[in-house]
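Engineer: Sharing a structure here in structure tokens format.
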Number of protein chains: 2
Amino acid sequence: MTDEADRHREKMEKRKAVQDAEVAAKTIEKGLLIVHTGPGKGKTTAALGLMVRALGRGWTVGMVQFIKGGWDTGERHAFAAFGDRVTWHTLGEGFTWETQDKARDIAACRHAWDVATGLMANPAIRLLVLDELNIALRYEYLDLAEVVAALQARRPDLHVVVTGRNAKAPLIEAADLVTEMGSVKHHFAAGVKAQEGIEF
Amino acid sequence: MTDEADRHREKMEKRKAVQDAEVAAKTIEKGLLIVHTGPGKGKTTAALGLMVRALGRGWTVGMVQFIKGGWDTGERHAFAAFGDRVTWHTLGEGFTWETQDKARDIAACRHAWDVATGLMANPAIRLLVLDELNIALRYEYLDLAEVVAALQARRPDLHVVVTGRNAKAPLIEAADLVTEMGSVKHHFAAGVKAQEGIEF
């Protein structure tokens, strides 16, 4: 073995000891409140990835979409492969500039929230995604204090993922894990359209 | 209809006109080079989400993991549901502090890259994830110029997703879409361990 390889091995042995100690120090298991926010891509797709991982562990999962309307998406087709282990509700009416009817938007969000709380009470579900809930909260279509209180009162083994830009401060405060998706570069700016299989 | 509802509708009609014009201005279709980088969570999970969406559109997809070793993951089990429409190669040997052998790490990355270029040449594959390739590039286990040139020379209909922290500037330059996952809050800091179904 060369001197350089020896030095590398010694350095990595030390690093492994540090890593192992860090891992050993973490002992808590709990259902997480996860928030994906920020202007960049990946908020909903990372939630879909978590659903896939959970399904691979045999879990039953739920999805409630607060804003997205009834349009056809690839993900919805794909999750059909997992049968009744996926409960999927697309309950939005589209973006506010599509419906142009605030009272209808509020009623749709209220209904979606009722469905969400029903799923939170279902002990079979281990992971629940509340897609674009942040948008409903930003427009004040739902009561922030009520939503945060319900999320904080979730079952100890339930993981909840909330997505959407502009997450409210009390939600971030209540969360265990918050990731901000930042847009470094976006193909829409270069004239590339939203493409089937990528954006929907 | 109330005055407020009228005002909302008028505002949203104007907003819809702006949105529609923006969408209409985007006409290019192309296979994207997508980079998920940054210190936050969601880089790999968002790539898994893109795989799910693509599978829902009937595409065949590929995954090459450059660093992650042979440990058991939920996602790998889940994607088995899609049969031979998913080609999955976990070719890493684990983190550098696990192997403690730089020559072996380099050989593993080189092999993974050869597998990746083979998949890039396979016209059946429409989406290819190169997981943690950024780590292999950061440690200079692969030649950056060679990798970027190969990614730029991809088939016009192939979407490639590269994940990992510390994406190199020439890769960002070559990419169509770059998202930086920022860590706002992380449950590991609160002593919560990596949990099955969430982290792996």
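Engineer: Under a 10 Å cutoff between Cα atoms, tell me which one of A:LYS30, A:LYS43, A:LYS185 has the largest fluctuation in the Gaussian network model of chain A.
Structural biologist: Highest fluctuation of the listed residues: A:LYS185.
Engineer: Kirkwood hydrodynamic radius of the range B:90-134 from all distinct Cα pairs, in Å?
Structural biologist: Details: mean 1/r = 0.0867 Å⁻¹.
Across the range B:90-134, the inverse of the average 1/r is 11.5 Å.
Engineer: Also, I was wondering about something else. Using R₀ = 22 Å, calculate the FRET efficiency as 1/(1 + (r/R₀)^6) where r is the Cβ-Cβ separation of B:THR27 and A:ALA103; round to 0.05. Please list the in-between numbers first.
Structural biologist: Numbers: r = 36 Å, r/R0 = 1.63.
For B:THR27 and A:ALA103, the calculated efficiency is 0.05.
Engineer: Sticking with this structure for a sec: Can you give the average number of partner chain beta-carbon atoms within 10 Å of each beta-carbon in peptide B:16-23, as a whole number? Write down the numbers at each step before the final one.
Structural biologist: On the way: counts 6, 1, 1, 3, 1, 0, 1, 3.
What the average comes to for B:16-23 is 2.
Engineer: Ok, one more. Roughly how many debye, to the nearest 20, is the charge dipole of the range A:30-190 about its Cα centre, given +1 on each Lys and Arg Cβ, -1 on each Asp and Glu Cβ, and no other charges? Before the final figure, lay out each step's value.
Structural biologist: Numbers: 18 positive and 17 negative charges, 100 e Å.
About 480 debye.
Engineer: When only the heavy atoms of the protein chains count and the probe is 1.4 Å, how do A:ARG57, A:ARG85 rank by accessible area, highest first? Please report the intermediate quantities before stating the final value.
Structural biologist: Numbers: A:ARG57 40, A:ARG85 65 Å².
Largest to smallest exposure gives the sequence A:ARG85, A:ARG57.
Engineer: In addition: Measuring nothing but label to label, 7 Å from Cα along Cα→Cβ, what are A:ILE106's distances to the other copies in nm, shortest first?
Structural biologist: List, nearest first: 6.6 nm.
Engineer: Now for a different question. Go through the range B:2-85 and name the GluC sites (Glu not before Pro) that are in a DSSP coil and have 16 or fewer other Cβ atoms within 10 Å of their Cβ.
Structural biologist: Values: sites: B:GLU4, B:GLU10, B:GLU13, B:GLU22, B:GLU29, B:GLU75; in loops: B:GLU29.
Those satisfying the criteria are B:GLU29.
Engineer: Provide the FRET efficiency to the nearest 0.05 for the A:GLU173-A:VAL115 pair, computing r from the beta carbons and using R0 = 35 Å.
Structural biologist: Step by step, r from the Cβ atoms, then E = 0.90.
Engineer: What lysines could a cross-link reach from A:LYS11, if we take a straight Cα to Cα line under 19 Å and drop same-chain neighbours fewer than 8 places away?
Structural biologist: Within reach: B:LYS102.
Engineer: Would you kindly state how much longer the chain becomes between B:ALA80 and B:ALA153 on full extension, computed as 0.36 nm times their sequence separation minus their alpha carbon distance, in nm to one decimal? Intermediate values should be presented prior to the final figure.
Structural biologist: On the way: separation 73, 0.36 × 73 = 26.28 nm, distance 3.00 nm.
Taking B:ALA80 through B:ALA153 to full extension adds about 23.3 nm, to one decimal.
Engineer: Give me Rg/Rg_expected for the protein assembly as shown, where Rg uses Cα atoms only and Rg_expected = 2.2 N^0.38 Å with N residues. The partial results should precede the final answer.
Structural biologist: Values: Rg = 21.8 Å, N = 400, 2.2 N^0.38 = 21.4 Å.
Against the compact-globule rule of thumb, the ratio is 1.01.
Engineer: If you average the C-alpha positions of the range A:1-75 and of the range B:16-37 separately, how far apart do those two centres end up, in angstrom?
Structural biologist: About 28 Å separates the Cα centre of the range A:1-75 from the one of the range B:16-37.
Engineer: Could you please put B:ARG104, B:ARG9 in sequence from largest to smallest accessible area, using a 1.4 Å probe?
Structural biologist: So, going from the largest accessible area down, we get B:ARG104, B:ARG9.
Engineer: To continue, here is another question. Given the peptides B:145-153, A:154-162, arrange them by the average over their residues of other C-beta atoms within 10 Å, most packed first. The partial results should precede the final answer.
Structural biologist: Details: B:145-153: 14.4, A:154-162: 19.8.
The peptides rank, most packed first, as A:154-162, B:145-153.
Engineer: Indicate, rounded to the nearest 5 percent, the antiparallel portion of the DSSP beta bridges found entirely in the protein assembly as shown. Don't skip to the end; give the middle numbers.
Structural biologist: Values: 7 of 55 bridges.
The antiparallel proportion sits near 15 percent.
Engineer: Still on this structure, please answer the following. How large is the dipole of the protein assembly as shown about the Cα centre if only Lys and Arg carry +1 and Asp and Glu carry -1, each at its Cβ, rounded to the nearest 20 debye?
Structural biologist: Roughly 0 debye for the protein assembly as shown.
Engineer: Would you mind computing, in nm to one decimal, how far apart the modelled labels at A:ALA124 and B:ARG15 are, each placed 7 Å from Cα along Cα→Cβ?
Structural biologist: Between A:ALA124 and B:ARG15, the simple spin-label model gives 3.7 nm.
Engineer: Divide by every residue of chain A the summed helix terms, -39500 (n - 2.57) for each DSSP H run of at least 4, and state the resulting mean residue ellipticity at 222 nm, rounded to the nearest 500 deg cm²/dmol. Show your work: numbers first, answer last.
Structural biologist: Values: 8 runs with 86 residues, N = 200.
After summing the helix terms and dividing by the residues of chain A, the value is -13000 deg cm²/dmol.
Engineer: Report, for A:ALA80, each distance to the same residue's label point in the other copies, shortest first and in nm; define the point 7 Å along Cα→Cβ.
Structural biologist: 2.4
Engineer: While we're looking at this one, here's another question. Taking the Cα centre of chain A as the origin and placing charges on Cβ (Lys, Arg +1; Asp, Glu -1), which of A:ALA17, A:TRP113, A:ALA103 is farthest toward the positive end of the dipole?
Structural biologist: Positive-end residue among those listed: A:ALA17.
Engineer: Per residue of A:89-100, how many C-beta atoms from partner chains lie within 10 Å of its own C-beta, taken as a mean? Intermediate values should be presented prior to the final figure.
Structural biologist: Values: counts 0, 0, 0, 0, 0, 0, 4, 5, 10, 4, 4, 9.
Mean number of neighbouring Cβ atoms from other chains: 3.
Engineer: Also: Could you order B:TRP113, A:TRP71, A:TRP59 by accessible surface area, starting with the largest, using a probe radius of 1.4 Å? Could the numbers behind the result be given before it?
Structural biologist: On the way: B:TRP113 5, A:TRP71 115, A:TRP59 25 Å².
Ranked list, largest accessible area first: A:TRP71, A:TRP59, B:TRP113.
Engineer: When the scattering of chain A is computed by the Debye formula from its Cα atoms alone, each counted once and equally, what is log10 I(q)/I(0) at q = 0.10 Å⁻¹?
Structural biologist: The Debye formula, applied to the Cα set alone, gives -0.50.
Engineer: Moving on to the next point. Find the relative contact order for chain A and round it to a whole percent, using C-alpha pairs within less than 8 Å whose residues are 6+ positions apart. Write out the running numbers ahead of the final one.
Structural biologist: Numbers: 296 pairs, mean separation 65.6, N = 200.
Result for chain A is 33 percent.
Engineer: Go through the range A:49-64 residue by residue and turn each phi into a ³J(HN,Hα) via Karplus (6.51, -1.76, 1.60, θ = phi - 60°); whole Hz please, and just put x for glycine and proline.
Structural biologist: My calculation for the range A:49-64 gives x, 5, 4, 4, 4, 4, 4, x, 9, x, 6, 9, 10, x, 9, 10 Hz in order.
Engineer: Running a GNM on chain B with Cα contacts under 10 Å, which residue among B:ILE125, B:ILE28, B:ILE67 ends up with the highest mean-square fluctuation?
Structural biologist: For chain B, modelled as a Gaussian network with Cα springs under 10 Å, the answer is B:ILE28.
Engineer: How shielded is B:56-62 by partner chains, expressed as the average number of their Cβ atoms within 10 Å of its Cβ atoms? The partial results should precede the final answer.
Structural biologist: Values: counts 14, 11, 4, 3, 0, 1, 0.
The per-residue average across the peptide is 5.
Engineer: Where the Cα atoms of the range A:19-135 are projected onto their three principal axes, how long is each span, largest first, in whole Å?
Structural biologist: Dimensions of the range A:19-135 along the principal axes of its Cα atoms: 55, 32, 27 Å.
Engineer: Quick one: label points 7 angstrom along Cα→Cβ at B:PRO123, distances to the other copies in nm, smallest first?
Structural biologist: Copy-to-copy label distances for B:PRO123: 5.6 nm.
Engineer: Where the centroid of each part is defined by its Cα atoms, how far is the range B:93-111 from the range B:122-200 in Å?
Structural biologist: 18 Å
Engineer: With a 10 Å cut-off between alpha carbons and a GNM built on chain A, which of A:GLY62, A:GLY164, A:GLY74 moves the most?
Structural biologist: Its mean-square fluctuation being the largest, the pick is A:GLY74.
The values are calculated or read from the model by the stated rules, or taken from the named source; none is laboratory data. Here the structure is a predicted model, which means the values were calculated and not measured. As a convention, Cβ positions derive from the backbone with ideal geometry for all residues, glycine included, and neighbour counts pool all protein chains shown. We work out accessible area using only protein heavy atoms, side chains counted, and drop any ligands, DNA or RNA first. Shrake-Rupley method; radii C 1.70, N 1.55, O 1.52, S 1.80 Å.
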